[in-house]
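Engineer: Quick one: structure below, then a few questions.
The values are calculated or read from the model by the stated rules, or taken from the named source; none is laboratory data. Please read all numbers here as calculations on a predicted model, not as lab measurements. Note that each Cβ is placed from the backbone with ideal geometry, even for glycine, and that neighbours are counted across all protein chains shown.
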């Protein structure tokens, strides 16, 4: 850099002299270490003087680099270093000696977090989608800042993006012109996936193409994909001219599973082939900002609560369908609260003075059949939230039922019920004053109380004279409610309509509840609506157990809407166990009774695979049916299907039409989406003012996404004037609503505790672990739920009848093994969630006065405070299974496990396991798994849809003074076991695994990414499965009319034995002379055939190359070889059926062409690849 023109050196020196640029003495830096290098410079980390202040020094060593270009970079840095996501410029120093005195280095901010890619890899498990949105937003904002200053980066790639304190720092944009004008092919190859494909096209066709702002946008699109995946694009392919050609032809990375659709849309439009179709970087920033704000954890939580409030919370999936559920519906257990209410009402049939004490006691014992009296007493101790319960507990203390007589306590409880207006309590309080029970005698007070009870009874009796009017009012209310439910009104809207109706008739919802309570048996619709009041907590306290009972009773009389709500109970576990099959069946039955809400529910079931086979086209059918019947939310969903092209062709006009219909029905989701249509011109002309008004209307209806949109509109002046204060008001409203939502979390936790009975003891009967009849711990304890981070666990040789132990017995002694236990070889536990529950012991437990046997019957033998939730897979006949079948079983098991856990699609067909396949698989509920697809679906239900059961009880302790051994854990269905292993340990057992054949050089076997071990090279199924998925080894290759090669849409084969992996270490050089376009394309895609592909009749005819004299030089370096032997595979049943159907077609040749176009024209039996570092 010596002998530079004085003009630019003078510019630098003057800037230093005038203190426009800080100058640092090089000798003041110490501990200088190189941390990176590029084509023109090296970067060092250095500490300043005696401080902990760390800087980055960028030293330009390239001889061709001149001071003019250095000045250019300094100007660029100074223009944009105010942006927090661009590396800061601090000043300059001289690193040269006396001979090279003008060798400058730039002093910059030190970003100590490494490159973007390393940061993503190291933190990927910790990053949620909000974190990723934030990184994408920072990147786009930094590039936007460059473009605002007229700077094109031209070299956006992960190595030019550093991280500092979890923030992106963009570097190396000052030399972009130098990079883009370079003819260095090596430099270009290193960044091929990030470079605008138009540059490749210009080099092929020798047309000048200059990198521009849209080129940066293309690179940003690729980097957004990198942020979603934490991987290099197209890994592990070589970045060479063949890859460049495939990218030019349209090759792009596949979407990472679980990536939100809105994020995918942003980066896919950025990497569009045509620059004119790409958005500006400012548009990308705007879209990311909106996505980032509307998709925060707050919004996810609030959306979830909103969806629940209209009974459309999407979740669980079960790959099965039932046609008739009449024999499968679980009858509700006897609900004690209902029994107690009926008992209390029966004590005083007439409003006279108190009955004789002995008569009351005998009546209570007779009504409860005596055998349930202890259970009722314990229940009453834990449930004192209603006057009837308080009154009856007073009776127990008064008459000494299941406890000692305590008249003082009885008097106090009667007083409480009298204050609450309970006529029975008032009557008994009068009896106490009359006879001096728990208080002094006061005849006058007794008389007044008797009269008060009489008056309350008479009021109730007189109201029955108006029963015809009352029934008309109630029937009208029920009919109105069913109507608005079928119209898809949200919960808040329904409540408002109910309140208006009640106000019109001058009655209260509490009055409706009391009337329904007395008359619910008169009509099934009354019973249903009473269930709904319990379900929603309107007019009475929330009680989902009672709600389920009333829904069930109404369904027995074929009441349509009751089937719908019964389906909700089964789907979400309200008042019963979660059962997706029954939920789906209930929705079907409601549709048979012409329930519009049921049609909408069926749409959800088919879209999400709830209790039936997932089918978006069938979902659309039912959404359309419900929409045409006026269901507002269904209309919104139909609009979504048309807007995004789900199972139908994209049709923006139809999308706008259905959003409009739904908005007219006051659906806030559609009102918000209609605003989006006006903002973006979807199915209508752009009108930002209308968009804002619609956003505001939906926001005032408490739609949280709309509230975010309103805040953004006020912040940016979209469709309205900029108003930062109003924007902040809407943001604060979201925060306040979030605090309210946290209160809802308490109720959710209580439901979880109830569903899994976490506060109950465990009763051991020798072959089961059952929750105790009564709760042991309070409901207000500390509940913690987290994802399980360990491995699945394998229990080997379970339930041995000759073992001295039975872990499902009280004393762990195996006097005999109950025949009900499965005679199985093995159990594999797949934990998904870890649950702990800590709470205080209930008084009813600590003060229990009965015998030990009765105590165990009510409260169980042991108590757990740690639980694992997941699924259990039991295996039969494993000890009889030959090693080859063991290997294929392990292969499919680990494949299904990894795919389900990582939410990856799996190409299994539903072909059953081979008929001679000995391992028999079944779940804990006895359901047999007969195919790899069923195995994957079962795993997917666990890891993606959270269809979980308690599979392990941990941290056990006894509930009484029994002196017996308790283990750290107990598992349902496992009485004893010989050995416990992690799944990986069991998979890799030496005598059961497949050896890798090591090619040629045995010494070449080295430990490489956990794949190959030194002496005995055992197959690592996880890596093989990753390769099968990444390289689509189950799919064939298709060749279209333009000879572009791709993967088939469907898989034509299934494995009957795991492929073999050979370690290869070959390098060789070949020369070849392709004569056709097809042959050349095959070479470009690294496909080599020993047969004449042109002879295959279903590959389109080929054209000769215009340049037949071209020679291709091929250099290969093989690291691994995957062999798929013909004996390892078989055609899938689906493929066979397609072939058979084509052969029977009137035009078999055309039909076969379609089959091979779908399943592939070629199938590779050997696959070679190497690791790219």
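Engineer: So residue 247 passes all but one of these: (1) crowded, with 18+ Cβ neighbours inside 10 Å; (2) in a loop (DSSP other than H, G, I, E, B); (3) touching a residue at least 40 places away in the same chain (Cβ under 8 Å). Which condition number does it fail?
Structural biologist: Tallying (1) crowded, with 18+ Cβ neighbours inside 10 Å; (2) in a loop (DSSP other than H, G, I, E, B); (3) touching a residue at least 40 places away in the same chain (Cβ under 8 Å), residue 247 fails exactly one: (2).
Engineer: Considering every residue within the range 17-25, establish whether at least one is over 16 Å from residue 109 (Cβ atoms) and either at pLDDT 85 or above or not assigned by TED's automatic domain parsing to the domain that holds residue 75 (or both).
Structural biologist: Yes, the range 17-25 contains a residue that is over 16 Å from residue 109 (Cβ atoms) and either at pLDDT 85 or above or not assigned by TED's automatic domain parsing to the domain that holds residue 75 (or both).
Engineer: Within the range 273-287, track down each residue that is in contact (Cβ under 8 Å) with a residue 40 or more places away in the chain and either outside any helix (DSSP H, G or I) or more than 18 Å from residue 148 (Cα to Cα) (or both).
Structural biologist: Correct list: 273, 275, 276, 278, 279, 280.
Engineer: Is the range 813-823 home to any residue that is surrounded by fewer than 21 Cβ atoms within 10 Å (Cβ to Cβ) and at pLDDT 85 or above?
Structural biologist: no
Every residue, every condition in (1) surrounded by 21 or more Cβ atoms within 10 Å (Cβ to Cβ); (2) in contact (Cβ under 8 Å) with a residue 40 or more places away in the chain; (3) not in a strand (DSSP E or B), yes or no:
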position: 84; (1), (2), (3): no, yes, yes
position: 133; (1), (2), (3): yes, yes, yes
position: 136; (1), (2), (3): yes, yes, yes
position: 151; (1), (2), (3): no, yes, yes
position: 168; (1), (2), (3): yes, yes, no
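Engineer: Moving on to the next point. Among the candidates 829, 840, single out the residue that is surrounded by 15 or more Cβ atoms within 10 Å (Cβ to Cβ) and touching a residue at least 12 places away in the same chain (Cβ under 8 Å).
Structural biologist: Result: 829 is the single residue among 829, 840 that is surrounded by 15 or more Cβ atoms within 10 Å (Cβ to Cβ) and touching a residue at least 12 places away in the same chain (Cβ under 8 Å).
Engineer: Is it true that some residue in the range 593-616 is surrounded by fewer than 19 Cβ atoms within 10 Å (Cβ to Cβ) and more than 28 Å from the chain's Cα centre (by Cα)?
Structural biologist: Scanning the range 593-616, I find at least one residue that is surrounded by fewer than 19 Cβ atoms within 10 Å (Cβ to Cβ) and more than 28 Å from the chain's Cα centre (by Cα), so the answer is yes.
Engineer: Can you name the number of the only condition in (1) crowded, with 17+ Cβ neighbours inside 10 Å; (2) at pLDDT 85 or above; (3) part of a loop (DSSP other than H, G, I, E, B) that residue 540 fails?
Structural biologist: The single condition residue 540 does not satisfy is (2).
Engineer: Still on this structure, please answer the following. Can you find even one residue in the range 214-233 that is in contact with a strand residue (DSSP E or B) (Cβ under 9 Å, 6 or more places away or on another chain) and closer than 29 Å to residue 899 by Cα?
Structural biologist: Yes; the residues of the range 214-233 include at least one that is in contact with a strand residue (DSSP E or B) (Cβ under 9 Å, 6 or more places away or on another chain) and closer than 29 Å to residue 899 by Cα.
Engineer: Does residue 669 count as farther than 27 Å from residue 487 by Cβ and either touching a residue at least 40 places away in the same chain (Cβ under 8 Å) or in contact with a helix residue (DSSP H, G or I) (Cβ under 7 Å, 6 or more places away or on another chain) (or both)? First the steps, then the outcome.
Structural biologist: Working: farther than 27 Å from residue 487 by Cβ: no; either touching a residue at least 40 places away in the same chain (Cβ under 8 Å) or in contact with a helix residue (DSSP H, G or I) (Cβ under 7 Å, 6 or more places away or on another chain) (or both): yes.
In short, no.
Engineer: Scan the range 661-690 residue by residue and report those that are buried (at least 23 other Cβ atoms within 10 Å of the Cβ) and over 25 Å from the mean Cα position of the chain (by Cα).
Structural biologist: Scanning the range 661-690 gives 662, 663, 667, 671, 674, 675, 677, 678.
Engineer: Given the conditions (1) modelled with pLDDT under 90; (2) surrounded by 15 or more Cβ atoms within 10 Å (Cβ to Cβ); (3) more than 21 Å from residue 533 (Cα to Cα), which single one is not true for residue 465?
Structural biologist: The one condition residue 465 does not meet is (2).
Engineer: Suppose we filter the range 431-462 for residues that are within 30 Å of residue 498 (Cα to Cα) and either at pLDDT 85 or above or surrounded by 15 or more Cβ atoms within 10 Å (Cβ to Cβ) (or both); how many remain?
Structural biologist: 2
Engineer: Considering only the range 485-496, state which residues are free of Cβ contacts under 8 Å to residues at least 24 places away in the same chain and surrounded by fewer than 15 Cβ atoms within 10 Å (Cβ to Cβ).
Structural biologist: 496
Engineer: Additional query: In the set 220, 264, 226, which member is outside the structural domain of residue 902 (by TED's automatic domain parsing), in a helix (DSSP H, G or I), within 18 Å of residue 290 (Cα to Cα) and in contact (Cβ under 8 Å) with a residue 60 or more places away in the chain?
Structural biologist: 220
Engineer: Please specify each residue of the range 558-616 satisfying the condition of being in a loop (DSSP other than H, G, I, E, B) and in contact with a helix residue (DSSP H, G or I) (Cβ under 6 Å, 6 or more places away or on another chain). Working first, answer last.
Structural biologist: Here is the first cut: in the range 558-616, the ones in a loop (DSSP other than H, G, I, E, B) are 558-559, 573-579, 593-595, 609-615.
Matches in the range 558-616: 559, 573, 574, 575, 576, 579, 593, 595, 610, 611, 612, 615.
So that you can scan it fast, the table gives a plain yes or no per residue for (1) assigned by TED's automatic domain parsing to the domain that holds residue 872; (2) surrounded by 16 or more Cβ atoms within 10 Å (Cβ to Cβ); (3) part of a loop (DSSP other than H, G, I, E, B):
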{"residue": "767", "(1), (2), (3)": "yes, yes, yes"}
{"residue": "770", "(1), (2), (3)": "yes, no, no"}
{"residue": "773", "(1), (2), (3)": "yes, yes, no"}
{"residue": "784", "(1), (2), (3)": "yes, no, no"}
{"residue": "795", "(1), (2), (3)": "yes, yes, no"}
{"residue": "799", "(1), (2), (3)": "yes, yes, yes"}
{"residue": "807", "(1), (2), (3)": "yes, yes, yes"}
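Engineer: Modelled with pLDDT of 90 or more and either within 28 Å of the chain's Cα centre (by Cα) or part of a helix (DSSP H, G or I) (or both): does that describe residue 535?
Structural biologist: no
Engineer: Oh, and also: Scan 585, 630, 609 and give me the residue that is farther than 21 Å from residue 570 by Cβ, in contact (Cβ under 8 Å) with a residue 40 or more places away in the chain and not assigned by TED's automatic domain parsing to the domain that holds residue 938.
Structural biologist: 630
Engineer: Please state which of the following conditions residue 732 fails to meet, knowing it meets all the rest: (1) at pLDDT 85 or above; (2) more than 30 Å from residue 575 (Cα to Cα); (3) surrounded by fewer than 22 Cβ atoms within 10 Å (Cβ to Cβ).
Structural biologist: Against the list (1) at pLDDT 85 or above; (2) more than 30 Å from residue 575 (Cα to Cα); (3) surrounded by fewer than 22 Cβ atoms within 10 Å (Cβ to Cβ), residue 732 comes up short only on (1).
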